[in-house]
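Enquirer: Please read through the structure below; I'll follow up with questions.
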Amino acid sequence: MEVTNHERIHADDRNLCKLAISELEGIYSELGLSMEELDLLDMPRRSFIVHFPVRMDTGKIKMFVGFRVQYNDARGPAKGGIRFHPDLTLDHVRDLSFLMALKCAVVNIPFGGSKGGVVVNPKGLSRNELEQVTRGYIRAIANHIGPFIDIPAPDVYTDEKIMVWILDEYERIKGEHVFAVVTGKPVELGGSKARSYSTSLGGIYVLEEAMKRMDMDKFEVSIAVQGFGNVGENAARILYEKGYKVIAVSDSKGGIINKDGLDIQAVMEHKGRTGSVVDFEGSTNITNEELLTCECDILIPAALSDQLNKDNAQNVRAKIVLELANAPTTKEADDIFFDKKIILIPDALANAGGVVVSYFEWIQNLNNDYWEEDKVRERLKKTMITAFNEVRLLCDEKSCRMRKSAYQLAIKRILHAERLRGNL
Ligand code: NAD
């Protein structure tokens, strides 16, 4: 049976956790954290395991298991996605919730981190069963989430439609409208404009700031993007619309290159017609491996983890790597890039635009005042550029890589909030 992207992303997150946790151990010792601080970071504040019944289409009742972990909420309500996956475990949810706390702290939005989900294969459910599983899970955790407690969002195998069921079930229980209980809703029901492409746009703002510092001219650089799904396609499209030369893109079937630049709008239409970017007229087909090592100034991995590794990192020719995917670079490749003076903008910063616009959705819901797209983009830009410069500053001071500075900054912010609260 073919493995879907969501299954790959679920498996990928394990790599992400491994990489981040190993990186964190080094950071803890460099920061010289006390035993109290280490203990505090080592444990989630709250972990819920819930079992709930669902009446299936056959009329029989089936019990399901769900999790919700609120890792840290010293900086504000916990924030994190809900995942439906048959292999979900409490440990994995806990690691992901910690990474959410770090991501929110890197971009300095007033949220802690959480994650949750149900152990279920959503492809084996009817639409009605999927809705009943969602509603059953929300009934089980309703007293532990809320706009000022913990705010769910979409994740692997959950989408806008499921966010609306979450909203509706929660509102039925509370007997009032509470749009701010969940983000990732459709615009017609409290969602934010620009959210659908916010991860890509946030990454591009950060990229442009890095280019400014490196005196790179927008009209002279060439860009390669690996992955043409939600994140990769939007990144390529936005860059193309801004006038950049995107010379190579790829998907799971392979890649294409044209040194003079691709017409991304036409590539999108081609993909819509044929299901892949491959065989696009006026381009040459290449493998994904060739894309990663092609002659370009900026490389954007936006597909899977571990794509840049010890086998190919030495051959990467880009000057900047923008990690829009989660954990696309292994530790070995990270070391090689550092030696080669390739600037790597790490995932915790580069792809945080999505959670930033979720924060904007929450603000709009609480104020019942909805922003124009331009305002969302403007505020996203400000948030991302500020975060980039803060990470970069720390990086310059310590002459270390950006991944390390991003995590250091996040840990310092979380511990500072705990200290102010008197928990340290
Ligand atoms: P998606 O499923 O929409 O797209 C994934 C793309 O990668 C598809 O085009 C697929 O064909 C392609 N792909 C699969 N295998 C490939 C391979 N071997 N080589 C090249 N391309 C391949 O997923 P997405 O939402 O775009 O997410 C992509 C990455 O970004 C993941 O790592 C995800 O965790 C991360 N991310 C996504 C968001 C978001 O808002 N969607 C936010 C943060 C991080």
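Enquirer: Please check: in the Gaussian network model of the chain (C-alpha springs, under 10 Å), which one of PHE388, PHE98, PHE48 has the largest mean-square fluctuation.
Expert: PHE48
Enquirer: For the chain, give me the percentage of DSSP beta bridges that are antiparallel, rounded to the nearest 5 percent.
Expert: Looking only at bridges with both residues in the chain, the antiparallel portion is about 50 percent.
Enquirer: Quick one: among MET211, MET384, MET402, which has the greatest mean-square fluctuation in a GNM of the chain with alpha-carbon springs under 10 angstrom?
Expert: Maximum among the listed residues: MET211.
Enquirer: Considering only the other residues whose Cβ falls under 14 Å of the Cβ of ASP347, what net charge follows from Lys and Arg at +1 and Asp and Glu at -1? Could the numbers behind the result be given before it?
Expert: Details: positive: LYS18, LYS103, LYS331, ARG401, ARG403, LYS404; negative: ASP12, ASP13, GLU23, ASP306, GLU323, ASP334.
Charge balance in the 14 Å sphere: 0.
Enquirer: Output the 0 to 90 degree angle, nearest 10, between the alpha-carbon long axis of helix 353-367 and the longest principal axis computed from the alpha carbons of the chain.
Expert: Rounded to the nearest ten degrees, it is 40.
Enquirer: Would you mind working out the accessible area per residue for the chain, using a 1.4 Å probe, and quoting it in Å²?
Expert: Working: 17860 Å² over 424 residues.
Solvent-accessible surface per residue comes out at 42 Å².
Enquirer: While we're here: What angle, in degrees between 0 and 90 and rounded to the nearest 10, separates the Cα long axis of helix 5-31 from the longest principal axis of the Cα atoms of the chain?
Expert: 80 degrees
Enquirer: A further question on this structure: Before anything else, pin down the relative contact order of region 60-105: Cα pairs under 8 Å, at least 6 apart, normalised by residue count, whole percent. Write out the running numbers ahead of the final one.
Expert: Values: 23 pairs, mean separation 22.7, N = 46.
Value for region 60-105: 49 percent.
Enquirer: Given a Förster radius of 22 Å and the C-beta distance between ASN285 and ASN315 as r, what FRET efficiency does 1/(1 + (r/R0)^6) yield to the nearest 0.05?
Expert: Values: r = 19 Å, r/R0 = 0.87.
Computed FRET efficiency for ASN285 and ASN315 comes out at 0.70.
Enquirer: Want the number for ASN143 to ASN368: 0.36 nm per residue separation, take away the alpha-carbon distance, what's left?
Expert: On the way: separation 225, 0.36 × 225 = 81.00 nm, distance 2.33 nm.
Answer, rounded to one decimal: 78.7 nm.
Enquirer: While we're looking at this one, here's another question. Accessible area of the chain with a 1.4 Å probe: how many percent of it is carbon plus sulfur? Could you put the intermediate results ahead of the total?
Expert: Working: 8680 of 17860 Å².
Reported share for carbon and sulfur atoms: 49 percent.
Enquirer: Now for a separate question. Please find, in a Gaussian network model of the chain (springs between Cα atoms separated by less than 10 Å), the residue of THR183, THR287, THR58 whose mean-square fluctuation is greatest.
Expert: Ranking THR183, THR287, THR58 by mean-square fluctuation puts THR58 first.
Enquirer: Continuing with the same structure: Which of the peptides 272-284, 112-124, 337-349 is most tightly packed, and how do the rest follow, going by the mean number of other Cβ atoms within 10 Å of each residue? Kindly include the intermediate steps, with their values, before the conclusion.
Expert: Working: 272-284: 14.5, 112-124: 22.6, 337-349: 20.1.
Put in order of decreasing packing, that is 112-124, 337-349, 272-284.
Enquirer: Measure up LYS123/LYS185; LYS245/LYS319; LYS79/LYS185; LYS115/LYS381 against 19 Å on the Cα-Cα distance and list the ones that go over. The partial results should precede the final answer.
Expert: Working: LYS123/LYS185 21 Å; LYS245/LYS319 15 Å; LYS79/LYS185 15 Å; LYS115/LYS381 26 Å.
Check vs 19 Å cut-off fails for LYS123/LYS185; LYS115/LYS381.
Enquirer: While we're on this one: What ³J(HN,Hα) values, in whole Hz, does the Karplus curve 6.51 cos²θ - 1.76 cosθ + 1.60 give for region 121-135 when θ = phi - 60°, with x put for Gly and Pro?
Expert: Once rounded to whole Hz, the list reads 9, x, 6, x, 10, 6, 4, 5, 5, 4, 5, 5, 5, 4, 5.
Enquirer: Binning at 10 angstrom from zero up to the longest distance, how are the C-alpha pair distances of region 52-175 distributed in percent?
Expert: Histogram of Cα-Cα distances, whole percents per bin: 14, 45, 32, 8, 1.
Enquirer: Find the relative contact order for region 44-191 and round it to a whole percent, using C-alpha pairs within less than 8 Å whose residues are 6+ positions apart. Show your work: numbers first, answer last.
Expert: Working: 325 pairs, mean separation 35.6, N = 148.
Relative CO of region 44-191 lands at 24 percent.
Enquirer: Separate question: Where the centre of each part is set by its Cα atoms, how far does region 29-51 sit from region 163-202, in angstrom?
Expert: 30 Å
Enquirer: If I take every Cα pair under 8 Å that is 6 or more residues apart in the chain, average their sequence separation and divide by the length, what percent do I get for the relative contact order? Kindly include the intermediate steps, with their values, before the conclusion.
Expert: Values: 840 pairs, mean separation 68.3, N = 424.
Computed over the chain, the figure is 16 percent.
Enquirer: Here's another thing I want to ask about it. Expressed in nm to one decimal, what extension gain is obtained for the pair ARG419 and CYS400 from 0.36 nm per residue of sequence separation less their Cα-Cα distance? Before the final figure, lay out each step's value.
Expert: Numbers: separation 19, 0.36 × 19 = 6.84 nm, distance 2.62 nm.
Taking 0.36 nm per residue and subtracting the Cα distance, the gain is 4.2 nm.
Enquirer: Right, another one. Just to check I understand the Karplus step: with θ = phi - 60° and J = 6.51 cos²θ - 1.76 cosθ + 1.60, what whole-Hz values come out for region 403-410, glycine and proline as x?
Expert: Result, ordered by residue: 4, 5, 5, 4, 5, 4, 4, 5 Hz.
Enquirer: Return, ordered by residue number, the residues of region 197-226 whose backbone nitrogen is under 17 Å from a label point located 7 Å along Cα→Cβ of ILE385.
Expert: Counting backbone N atoms under 17 Å from the label point, the list is 201-218.
The values are calculated or read from the model by the stated rules, or taken from the named source; none is laboratory data. This structure is a prediction, so every number in the text was calculated from the model and none was measured. Cβ sites come from the backbone with ideal geometry, for glycine too, and all protein chains shown count toward neighbours. Just so you know, the surface numbers come from the protein's heavy atoms only, side chains and all, with ligands and any DNA or RNA stripped out. Shrake-Rupley method; radii C 1.70, N 1.55, O 1.52, S 1.80 Å.
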